[in-house]
Amino acid sequence: MTHKKSSVALLGRLMGVVAGLTLLAGCGGGGGYGVNINPVLSGSNVATVQVNLGPTNNYVNGLFTTVEVCAPGSTSNCISVPDVLVDTGSSGLRLLSDAVPSLSLPSVTDSSGKPLQECVQFVDLSYVWGPVVQADIHMANETASSTPIQIISDPPAYQAPSSCLSAGSSGAVDRNTVQSLGANGILGLSNFPQDCGTNCTSAANGVPNYYICPSGACQIASVPIADQLPNPVALFSQDDNGVLISLPGVPPGGLPVATGSLAFGVGTQSNNALGSAQIYTVHSSADFTTTYNGVQYTNSYIDSGSNVLYFLDSATLGNIECTDAPGFYCPAATLNFTVTNTGTNGTTGQVTFSIANADYLFSTGNAVFNNLGGDSGTSPSTDYFDFGIPFFLGRNVFVGIAGKTVPNGASAPYGYWAY
Amino acid sequence: MKTMLGVLLILALGAVPAGAVLGEYESSVSLDQQYLRAEIRVTTAQGYKFHQITTPNGAVVREYISPEGKVFGIAWQGPFIPDLQQLLGSYFTQVQQAAQSRTQRRGGPFVVRTNDFVFASGGHMRSYHGSAYVPSLLPKNVPAEVVR
């Protein structure tokens, strides 16, 4: 099983390289798919990322990388974990217990010495749950030492607390296995330096995120910032101010795999300079404004953990919901969109994208699509566009971490995107 | 002490009942423990009113009330997802059922549409937002998009 997966991954990587080179060779005008970029960067600050079907072979538009974790200070007590989902919509490294079976990592405890547990809710009522431990994280030649990470436990030592599950423990869906998560873990690289912030420093705030479980009964814990899960990049000794995600463009019918780069740092090395990319600063919740048809969607976000472009709804777009893939768009002919994104710094820029028939795209068996779209909710009260993986294809996308150095001396107190 | 503060705040703002549940009468639900530390504001609009409940940790919940006094919509925004079972009441089972089915939608917004219930939950870590409404309870001439 493991052997087979490795072979597939290797083949995928080779195919991705070939696809990338082909694109470079034929990409003069950008064509219909992508800006003229080189997605295969080299340097000691660069990790390889790949969009493929993931470890369960069924994840469309999943962006994965490999992360090595070690016991703090150790160079031998280490495990390299492949197929970790790269997620710019969260912060912190979370790994399935099954992915790090032989690694013993020290607990992170609260002020009373009790081991911290964490419960992360996702918007679809699913959750991950397990202890917070310390590890050294290695990616490319970068290291985040003694970093709080979460071990997503299967089976968990304690029952997940009902306060974390929208009080619907019977209806909540855990993502604590590779089958249910579709990945061996999540590498959270958002604008936020930590996954919670000051709200979790006092249990009295009642934020259902960090817990202690004395005598098996879990209660919300008070957790100082330093003990919360950080965006690991923020703890690097260099290249710590953000990342560049660079992925190739893909043709309208998709590709089986696309290989690109995750470069650490922004403007810290020759391979992560902003170049022509513009900085769009975000507001305190890491969102910006997207304008479409004269309507402003003020909580828009870019999220590599969202697998398609989620925006508006079927009724608004002319009843184009797929009949056999609910929630996806199936227009009879490809639809083209132009929207305008505006940062809090006033930077504006147009983003164009296409939405093709999802039924057709799924039927290709491919894994990577730049034209998959889906319903985001109750339009027009929906107040956001969710720019998922298709947005990243054929672009250099920079994520700036709040509180870190910004290239050009720009002010971005809550972080920024640049593209 | 916290309870005292909460009660004082609410008294100062006019003894507004909070913690109302979707589809039920606003007066049918007693003051909710979860919101005792919250600040509550009532806004009257054309054909409806809404309670805006702001908690100290930055979460905002709005409850939309029809002239008949029924909660026809709920919206939320904040650094974590509020207790949806509490807010949605009997409608929560429809959300639970939908959550069980696995589709190719990954990591994006969660949308549930049935004959008389529309629910959408979106956002990302530290910035969640969503809304739910009952079409048949919408007051006359009030469009669904006011629920936001």
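We did not get these values from a lab; they are worked out from the coordinates using the rules stated. These figures come from a predicted structure and were not determined experimentally. A quick note on method: Cβ atoms are made from the backbone with ideal geometry, for glycine too, and the neighbour counts reach across all protein chains shown.
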Most exposed to least, judged by fewest other Cβ atoms within 10 Å, B:ARG62, B:ARG41 sort to B:ARG41, B:ARG62
Scoring chain A by relative contact order with C-alpha pairs under 8 Å, at least six apart, yields a percentage of 19 percent
Per residue of A:367-377, other chain Cβ atoms within 10 Å number on average 3
Summing +1 per Lys or Arg and -1 per Asp or Glu among the other residues with Cβ less than 15 Å from B:PHE110's Cβ gives 0
Averaging 1/r across every pair of distinct alpha carbons in segment A:48-179 and inverting yields a Kirkwood hydrodynamic radius, in angstrom, of 15.7 Å
Highest mean packing first, using Cβ neighbours within 10 angstrom, the peptides A:178-188, A:342-352 sort as A:178-188, A:342-352
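I'd like the FRET efficiency for A:SER111 and A:SER80, computed as 1/(1 + (r/R0)^6) with the beta carbon distance as r and R0 of 35 Å, rounded to 0.05.
0.55
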Dimensionless Rg/Rh of segment A:110-269, both radii on Cα and Rh by Kirkwood, sits at 1.01
Over all Cα pairs of segment A:113-166, the Kirkwood radius sets Rh, and Rg/Rh then becomes 1.06
Restricted to segment A:91-175, the DSSP antiparallel beta bridge percent, nearest 5, is 75 percent
Expected integer from the mean partner chain Cβ neighbour count at 10 Å over A:90-102 is 1
Rounded to a whole number, the mean other protein chain Cβ count within 10 angstrom for residues of A:295-308 is 3
Quarter of the surface of the C-alpha convex hull for segment A:242-418, i.e. direction-averaged projected area in nm², equals 10.0 nm²
Sorted on mean Cβ neighbours within 10 Å (highest first), peptides A:223-229, A:290-296, A:72-78, B:82-88 come out as B:82-88, A:223-229, A:290-296, A:72-78
Beyond 21 Å, the calculated P(r) of segment A:332-419 holds a percent of Cα-Cα pairs equal to 45 percent
For A:ASP359 and A:THR56, extending 7 Å from Cα along the Cα-Cβ vector and measuring point to point gives, in nm, a value of 2.5 nm
Other residues with Cβ under 12 Å from the Cβ of A:THR75 give, with Lys and Arg +1 and Asp and Glu -1, a net charge of -2
Computed over chain A: longest principal axis from alpha-carbon atoms vs helix A:2-25 long axis, angle to nearest 10 degrees, is 40 degrees
Using alpha carbon positions and the Kirkwood radius, the Rg to Rh ratio of chain A is 0.95
Here, A:SER146 and B:GLN52, labelled 7 Å along Cα→Cβ, have an inter-label distance in nm of 4.5 nm
